[in-house]
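K.L.:
I have a structure I would like to understand better, so I am pasting it below and will then ask my questions one at a time.
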Amino acid sequence: MTINHPNFGVLADDRVIIFDTTLRDGEQSPGFSMNLQEKLRMAEALAELGVDVMEAGFPIASPGDFESVFEIAKAIKGPVICGLARTGRADIIRAGEAIAPAARRRIHTFISTSALHMKYKLRMSEEDVLAATTDSVTLARQYTDDVEWSAEDGSRTDPDFLCRCVEAAIRAGATTINIPDTVGYALPADMARIFTMVLERVPGADKIVLSTHNHNDLGLAVANTLAAVAAGVRQIECTINGIGERAGNASLEEVVMAIRTRPDAVPCKPNIVTQNILKTSRLLSTITGFDVQPNKAIVGRNAFAHESGIHQDGVLKNAATYEIMTPESVGWTKTNLVMGKHSGRAAFRDKLRALGYGEVGDNQLNDAFRRFKDLADRKKVVYDEDIVALVDDEVVRGHDRIRLVSLDVHSGSKTKPTATMELEIDGEAVSATETGDGPVDATFIAIRTLFPHEATLRLYSVGAVTEGTDAQAKVTVRLEEGGKMVDGQGSDTDTIVASARAYIHALNKLLVKRTRTEPAALSA
C-alpha cells in the first residue's frame, strides 16, 4: 500500500514512524514535571536521537504548557512538532497557535469512543462523538495539513462504532489515525485484530498512517506495540524509559531495539540513532529524578551485566552467547579511564562523554568538576556511579529558584540536633538555625523556615550509590501539595547534605507544578 504523508512524503513499505510523547504523556506521570529549560534540553536530546514526531505538550493545559510547545516549535529542527488537543474549538485553536513556529507541525486531537467513556465521562451520544470528530479534524486542518486523530479507549470500543469514527476522521482530513490502548487492557491478539479490522473495513485506511499507543498496566505495552506493527501499523507512540500515566507507556528503547534485533519477525526500519539511547535515558532520569530499575531492559545498569559463572564463561568466549545486542549499539561505552583526585578537567570531560552526557556547558562543567575534586579528596576510588550522581545534581539544577549554599549540622546522643542552613532563594541569601528530633528533621525544619510551604513529606528514602563506608548517599524525597506529588533526589557523601539537596530539588519541582492547571479529561 502507498501512503503519501504531508510531512514524510511517500513512505517506504518498511518505514515506521517513531512518535515520542515523553514531553506530554510522560510528563503526566506523578512527580515528573519539567520546567521550560528542562523540556528544551530533553527536546534537543530527542531530536538528536532521531524521533520523527515529538509531542511537545498540551498547549491549553496551562500558560506554561503553551510556552513550552511554542518555544520547542521555535527551537527544535528536524522532528515534526505536535501539540495535543481535545475536540473543543478552544483546544484546537490553542494547539494551532503553539505549533505555528515549527517548520513541520502537527495537531493531535482525540475523543473517547468506548461506551463506558461516552456514558460516564463525556455524557455524549455516538452521533455527538462522530460530529465532534468531524468538526475537530476539519478545524485542525486550517492550521496544518498534518492532523492526527485518536480514539481514546479505542481498545474497548465497539468495533462497528470504531470503524465509523475512523472513517469520519479520514473523510474530514486526518492523515494519521491512532487507536490507543488507553488503559492497558488489550492483549497482543486484540491489537492485531483491531488494526486488521480497520484496514479491511474502513475506506481509505490504507492511504493514511495508522498509529498505536499502548499503556503498560498489564506489562504488555511493548508486546502490544509490536503486534500492531505486524498488523500494518506505520507509527509507534512511545516514551523514553517507558514513562507515562499509571504504569507508563511502551518504552521507546525496548520497541526500537526489539525491531532492530528481530528484523525477521518485525521487518521495518525506525530512524533512531540507537547509540544515543542510553544518554537520552540518563538525561530524562536526571531531569525527573527517577532512575530506571537496575534490571530495566536496554538502559538498566544490569542490562549487560553477567554474574553467573556459566554466563561469564560464555561471554568471554563469544559475547553473542548471552548478549543479543552489543552494549555499544545503545550507547554503553567501555572505558579504562580511572578517575581520582589527580585527574584533570579534560579527563573529566571525556568521562562525562563516555557516561552519555554529551557536551556539558562550561559553567556546569566547572561546578561538577569542583564537586568531583571535593569527592575525590574524600574517597579513595571514584566510581562511574559516583560521577553520575554528582553530575546529575549539578546539571539539572541550573534554573532552580532555591539553591543550597551551606549546611552545618550538630548531633549526638547527648546533644539536641541542630541545623544551620543558608539558602539562595530567587538570588537572595537567607539563613536559619533550627532544632529537631534528629539531624534530618532539623534540616527539613530549617528549609521550611526559610521557604514556608504546606507540602507534606510522603517519602524519605536513603540508598548508597556504591559500596563502602565512604559511599555517596542517594536520597529520594517525595512531597505532596494539593494533590500534586513530586520526587526530588540528592547525593553526597554526607547523608544529611544529600537529604537537604533532595528536599530542595523536590521543592523546586513543586514550584513548577504550582504553575500548571490540568484541564479535565486529559488522556489519550
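The values are calculated or read from the model by the stated rules, or taken from the named source; none is laboratory data. The shown structure was predicted, so the numbers you read here are calculated from the model rather than taken from an experiment. Methodologically, a virtual Cβ is constructed for each residue, glycine included, from the backbone with ideal geometry; neighbour enumeration extends over all protein chains shown.
K.L.:
Looking only at segment 181-193, decide whether some residue is in contact with a Ser or Thr (Cβ under 8 Å, 6 or more places away or on another chain), closer than 23 Å to LEU23 by Cα and crowded, with 24+ Cβ neighbours inside 10 Å.
P.N.:
yes
K.L.:
Being in contact with a Leu (Cβ under 9 Å, 6 or more places away or on another chain) and under 21 Å from ILE277 (Cα atoms) is the filter here, so list the residues in segment 34-63 that pass it.
P.N.:
Of everything in segment 34-63, those that are in contact with a Leu (Cβ under 9 Å, 6 or more places away or on another chain) and under 21 Å from ILE277 (Cα atoms) turn out to be MET34, LYS39, ARG41, MET42, ALA43, ALA45, LEU46, LEU49, VAL51, MET54, GLU55, ALA56.
K.L.:
Pull up segment 479-524, narrow it to residues that are modelled with pLDDT under 75 and part of a helix (DSSP H, G or I), then point me to the one that is nearest to TYR460 (Cα to Cα). Spell out how you get there, then give the answer.
P.N.:
Going residue by residue through segment 479-524, those that are modelled with pLDDT under 75 are 513-524.
From the residues that got through so far, the ones that are part of a helix (DSSP H, G or I) too are 513-514.
On the way: LYS513: 20, ARG514: 22 Å.
Step by step, filter segment 479-524, then rank; the result is LYS513.
K.L.:
What pairs come up if the first residue lies in segment 484-502 and is over 15 Å from ILE402 (Cβ atoms) and not assigned by TED's automatic domain parsing to the domain that holds GLY436, the second is of a type outside the set (A, V, I, L, M) and in a strand (DSSP E or B), and their beta carbons are under 8 Å apart, counting only those six or more places apart or on different chains?
P.N.:
none
K.L.:
Quick test for you: out of TYR143, TYR120, pick the one residue that is surrounded by fewer than 24 Cβ atoms within 10 Å (Cβ to Cβ) and not in a helix (DSSP H, G or I).
P.N.:
On the way: TYR120 fails: not in a helix (DSSP H, G or I).
Testing whether each residue is surrounded by fewer than 24 Cβ atoms within 10 Å (Cβ to Cβ) and not in a helix (DSSP H, G or I) leaves just TYR143.
K.L.:
While we're looking at this one, here's another question. List the residue pairs whose Cβ atoms are under 6 Å apart, where the first residue sits in segment 400-420 and is of a type in the set (Lys, Arg), the second is surrounded by fewer than 18 Cβ atoms within 10 Å (Cβ to Cβ) and assigned to a strand (DSSP E or B), and the two are 6 or more positions apart or on different chains.
P.N.:
From segment 400-420, the pairs are ARG403/GLU424; LYS416/THR435.
Yes/no per residue for (1) surrounded by fewer than 23 Cβ atoms within 10 Å (Cβ to Cβ); (2) within 28 Å of LYS269 (Cβ to Cβ):
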site: SER33; (1), (2): no, no
site: ALA43; (1), (2): no, yes
site: GLY50; (1), (2): yes, yes
site: GLU55; (1), (2): no, yes
site: SER62; (1), (2): yes, no
site: GLU67; (1), (2): yes, no
site: GLU71; (1), (2): yes, no
site: ILE81; (1), (2): no, yes
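K.L.:
Still on this structure, please answer the following. Answer yes if at least one residue in segment 155-170 is modelled with pLDDT of 95 or more, on the phi > 0 side of the Ramachandran plot, assigned to a loop (DSSP other than H, G, I, E, B) and not small (Gly, Ala, Ser), and no otherwise.
P.N.:
no
K.L.:
Of all the residues that make up segment 191-241, how many are part of a helix (DSSP H, G or I), closer than 17 Å to ARG156 by Cβ and either in contact with a helix residue (DSSP H, G or I) (Cβ under 6 Å, 6 or more places away or on another chain) or among the aliphatic types (A, V, I, L, M) (or both)?
P.N.:
10
K.L.:
Same structure again: With respect to THR466, determine if the residue is crowded, with 16+ Cβ neighbours inside 10 Å, assigned to a loop (DSSP other than H, G, I, E, B) and in contact (Cβ under 8 Å) with a residue 60 or more places away in the chain.
P.N.:
So THR466 fits the description; yes.
K.L.:
Tally up the residues in segment 427-463 that are over 27 Å from ASP386 (Cα atoms) and in contact (Cβ under 8 Å) with a residue 12 or more places away in the chain, please.
P.N.:
Total satisfying the criteria: 18.
K.L.:
Still on this model: Within segment 391-410, take every residue that is touching a Ser or Thr at 6+ places or on another chain (Cβ under 7 Å) and at pLDDT 75 or above and give me the one that is nearest to PHE369 (Cα to Cα).
P.N.:
LEU407
K.L.:
Considering only segment 472-494, I want to know if a residue exists there that is closer than 19 Å to ASP408 by Cα and of a type in the set (Val, Ile, Thr).
P.N.:
Yes: one or more hits.
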